[in-house]
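Novice: Okay, here's the structure, questions in a sec.
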Amino acid sequence: MQYHTLGTLIRLHRENLEMSRAELARQVGVHPSQLTRWEAGDHKPSLSAMLALGKALDVDPVELMSAAAVDAQ
């Protein structure tokens, strides 16, 4: 399954904060290549990763989960 809506949302929020992939990955606690896969829509972050992404991006994690739900349809 592809998660392009979620990946685009993560990338847009990261870019709006002028944050590098490496910096966001460090804050979330994952390898930068994992973040690249999320942004590409190739993989869906776990629930704990979505919570960490929400905190790091200053976004309600429900917004991220809703994007994942849209992609799952």
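The values are calculated or read from the model by the stated rules, or taken from the named source; none is laboratory data. All figures in this text were calculated on a predicted structure; none of them were measured in a lab. Reconstructed Cβ throughout: ideal geometry from the backbone, glycine too, with neighbour counts over all protein chains shown. Remember, those area values only see protein heavy atoms, side chains included, never the ligands or the DNA or RNA. Shrake-Rupley method; radii C 1.70, N 1.55, O 1.52, S 1.80 Å.
Novice: If a residue has to be in a helix (DSSP H, G or I) and within 18 Å of Y3 (Cα to Cα) to count, how many in the stretch 26-51 make the cut?
Specialist: Summing the residues that are in a helix (DSSP H, G or I) and within 18 Å of Y3 (Cα to Cα) in the stretch 26-51 gives 14.
Novice: In the stretch 62-73, which residues are open to solvent by 30 Å² or more (accessible area, probe 1.4 Å) and of a type outside the set (S, T, N, Q)?
Specialist: If the condition is that a residue be open to solvent by 30 Å² or more (accessible area, probe 1.4 Å) and of a type outside the set (S, T, N, Q), then V62, E63, M65, A69, V70, A72 are the ones that fit.
Novice: Restricting to the stretch 1-54, count the residues that are in contact (Cβ under 8 Å) with a residue 60 or more places away in the chain and open to solvent by 50 Å² or more (accessible area, probe 1.4 Å).
Specialist: 4
Novice: Only residues that are in contact with a helix residue (DSSP H, G or I) (Cβ under 7 Å, 6 or more places away or on another chain), assigned to a loop (DSSP other than H, G, I, E, B) and closer than 13 Å to A56 by Cβ: list them for the stretch 1-25, please.
Specialist: L17
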